[in-house]
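To start, the structure itself, in structure tokens.
The values are calculated or read from the model by the stated rules, or taken from the named source; none is laboratory data. Keep in mind the model is a prediction, meaning the values are calculated, not measured. Glycine also receives a Cβ, built like all others from the backbone with ideal geometry; neighbour counts cover every protein chain displayed. Note: accessible area is taken over every heavy atom of the protein model, side chains too, but ligands, DNA and RNA are not part of it. Shrake-Rupley method; radii C 1.70, N 1.55, O 1.52, S 1.80 Å.
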Amino acid sequence: MAMSPPSGPVEADRRDALFRESLPQRLERLALGTAWSLKPPRLAGLPGLARLWLADLVAPGAELPDPDRTVNDFGICGIVRDPSPASVLEGYRHGLFPFAHVGPLKWVSLPERCVSAVDDFHIGKNLRRLLRQGRYSVTFDRDFEGVITACAGRRSGRWHLTWITPRIMRLYAELFDAGHVHSFEVWNAGGELVGGGYGVAVGGAFFTESQFSRETNTSKIGFTVLNWHLAHWGFTLDDGKWPTSPLLDMGFRTLPRAAFQARLATAAALPGKPGRWSVETDLKTVAAWQTGGSKEQRPET
């Protein structure tokens, strides 16, 4: 069922109750997050992180860190002292994003980013066929809360370790209410939410945060519809952060930090599309979308 943004104390309380973890869930996250941090080669980055923490304790500051001055290979470059929507948006504009499994939120500037120029998006034959079948419908910004809780949920066959913690959920919910974060939802014929994702829009750049699927390829359906609209609206950059097989199959490519920063500066200066988003076309039109990525020879997915 679609949910609307909070309009008063009752709605705010409902959202607070939704974005909450039990004590066993918190202990599980702390244990798995600690184990994640102690795995090689992340273990080698702990001294740099410790120095950063000590320096922040001695002289805490709310200003954004230099994205080129990271303390370890993961790309951590500062402690998030002002986790406000305005500060986080400014961080994205400079190529930073907040991240933490445990402990305080950290600013991260990855050494490489997995990005698409939007017009290079690739749609495989099987996905085009699925889009034409009309088995699903796609909406934007209709059920952000359902999407982010699903993205934070357990994945089959995987340890349950997520950076989408209750504080992250509340932060991005504020950004959603302000029109800077957007969700895409995929619904089956029975009206059930079976796929989707969310991300941050800054000018003509979109930062894809997370996706989920409850039925095969449903997140790909929504993500393809999203990228059709990004291209239609004049966006020039979709950042997926880390490279994954699904992103690479859809035309995303890795860029070193300097090249990403240059491309981001151009994209972020564009007008973008503030406010609530809605779907402006049908899935058959998206299935017929011919992009630069469609002309390349790729393995079909």
At pLDDT below 95, crowded, with 16+ Cβ neighbours inside 10 Å and β-branched (Val, Ile, Thr): does that describe THR139?
-> no
Which residue out of THR208, THR224, THR281 is assigned to a loop (DSSP other than H, G, I, E, B) and modelled with pLDDT of 95 or more?
-> THR281
So how many residues does region 250-267 have that are part of a helix (DSSP H, G or I), in contact with a Lys or Arg (Cβ under 8 Å, 6 or more places away or on another chain) and open to solvent by 10 Å² or more (accessible area, probe 1.4 Å)?
-> 1
Can we say ARG128 is in a helix (DSSP H, G or I), modelled with pLDDT of 95 or more and open to solvent by 20 Å² or more (accessible area, probe 1.4 Å)?
-> yes
Tabulated pairs, region 30-50, first in contact (Cβ under 8 Å) with a residue 60 or more places away in the chain and surrounded by 13 or more Cβ atoms within 10 Å (Cβ to Cβ), second aliphatic (A, V, I, L, M) and assigned to a helix (DSSP H, G or I), C-beta under 9 angstrom, 6+ apart or interchain = SER37/LEU43; SER37/LEU46; SER37/LEU49
Would you pick out the residues in region 78-105 that are assigned to a strand (DSSP E or B) and at pLDDT 95 or above?
-> PHE97, PRO98
Among the residues of region 211-218, is there at least one that is surrounded by fewer than 22 Cβ atoms within 10 Å (Cβ to Cβ), free of Cβ contacts under 8 Å to residues at least 60 places away in the same chain and over 23 Å from ILE164 (Cα atoms)?
-> no
Over region 274-284, the set of residues within 13 Å of VAL138 (Cα to Cα), open to solvent by 30 Å² or more (accessible area, probe 1.4 Å) and touching a residue at least 24 places away in the same chain (Cβ under 8 Å) is SER278, VAL279, GLU280, THR281, LYS284
Of the numbered conditions (1) in contact (Cβ under 8 Å) with a residue 40 or more places away in the chain; (2) open to solvent by less than 10 Å² (accessible area, probe 1.4 Å); (3) β-branched (Val, Ile, Thr), VAL108 satisfies every one except a single condition; which is it?
-> (1)
So CYS151, is it within 19 Å of the chain's Cα centre (by Cα), in contact (Cβ under 8 Å) with a residue 12 or more places away in the chain and on the phi < 0 side of the Ramachandran plot | yes
Filtering region 231-249 for residues that are touching a strand residue (DSSP E or B) at 6+ places or on another chain (Cβ under 7 Å) and part of a loop (DSSP other than H, G, I, E, B) leaves a count of 5
Qualifying residues in region 175-205 (those that are out of contact with any Ser or Thr (no Cβ under 8 Å at 6 or more places or on another chain) and among the acidic types (Asp, Glu)) - the one modelled with the lowest pLDDT = ASP177
Counting only residues that are out of contact with any strand residue (DSSP E or B) (no Cβ under 6 Å at 6 or more places or on another chain) and surrounded by fewer than 19 Cβ atoms within 10 Å (Cβ to Cβ), which one in region 111-125 is farthest from ALA288 (Cα to Cα)?
-> PRO111
Which residues, counting only those in region 137-187, are touching a strand residue (DSSP E or B) at 6+ places or on another chain (Cβ under 7 Å) and of a type in the set (Lys, Arg)?
-> ARG142
